[in-house]
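The values are calculated or read from the model by the stated rules, or taken from the named source; none is laboratory data. Small disclaimer: the values here were computed from a predicted structure and weren't measured. Ideal geometry is used to build each Cβ from the backbone, glycine not excepted, and the neighbour counts take in all protein chains shown. When the accessible area is computed, the model is the full protein with side chains, heavy atoms only, and any ligands, DNA or RNA have been set aside. Shrake-Rupley method; radii C 1.70, N 1.55, O 1.52, S 1.80 Å.
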Amino acid sequence: MENQIQLFTINDIWEENEKQIPLDCTKTYDPLHFWEDYGDKYFKGFKNMTEIQRNIPWIIHKLTSLKIDSLLDVGCGFCRIEPFLIDSNAVKEITALDFSTKQIESAEQYLLEYPKKDKIKFVKDSVKHIPSGDDEFDCVLSVECLQHMHLPSVRYALNQMRRVSKKYVVLVERFVFEGEHPQPHIWSHNYLKLAGECGLKVLESKLIGNGIVGIILRK
């Protein structure tokens, strides 16, 4: 149909990278549609363990120093980092939250033979309305989740993360410059400013990777 909304999918990215077909920036990014469509493609696409482990040493080091028992990982995807956090004793238990059924199914497959999978609990819901009580977790972690949300949604999410955190919020996010929007599903935000707006105190902010910043916030 003419004027029918065209939705942005992972195939658009692959076609640009592999076939040099220019990405159509007018397509609409619908988060649930995009990540449901990605689904197990995301899980199966991580064949290189080096890619899975990027930024994990910093996360482990910081969570260990903060003495975390309970952790909420928002936008967990297929739980690529959970085994590293558990095995390193950086945390004792993890609640892994994602709004995509396909991502949670991929996580269950990824962790199928993981001997400590009982320490990981799955919750299907959005970071914008986390179904947990106030001060329920020692720490809330976002690893490249907020960068897939536009600014109003990030504000909602940070307030929810602050609400359910007892002590800390840790962000590992794309942070090139405020307002950057290179693809329909990627934004850069000023997380330091946004954290202050929702009452979180910045303890540390450090560039830890290629365009990725690690931020430790205190409630």
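A few remarks follow.
- When DSSP beta bridges are restricted to pairs lying wholly in the range 67-219, around 45% turn out antiparallel.
- The range 116-190, dipole about Cα centre (Lys/Arg Cβ +1, Asp/Glu Cβ -1), debye to the nearest 20: 280
- Once C-alpha pairs closer than 8 Å and six or more residues apart are averaged by separation and normalised to the residue number of the range 105-217, the relative contact order reads 23 percent.
- Length gained when the stretch Ile21-Glu144 is fully extended (0.36 nm per residue, less Cα-Cα span): 41.7 nm
- With a threshold of 27 Å on the Cα-Cα distance, the over-threshold entries among Lys119/Lys206; Lys102/Lys206; Lys41/Lys116 are Lys119/Lys206; Lys102/Lys206.
- Surface composition of the range 109-211: carbon and sulfur atoms hold 50% of the protein heavy-atom accessible area at a 1.4 Å probe.
- Which labelled figure in (1) 1.22; (2) 0.96; (3) 0.98 is Rg/Rh (Cα atoms, Kirkwood Rh), once derived from the coordinates: (2)
- Kirkwood estimate for the range 15-78, i.e. one over the average of 1/r between Cα atoms, Å: 15.2
- From phi via Karplus (6.51, -1.76, 1.60), per-residue ³J(HN,Hα) for the range 13-25 in Hz, x at Gly/Pro: 5, 5, 5, 5, 6, 9, 10, 6, 8, x, 6, 7, 6
- Look at the dipole of the chain built from charges on Cβ: of Pro182, Ser65, Val123, the Cα furthest out on the positive end belongs to Ser65.
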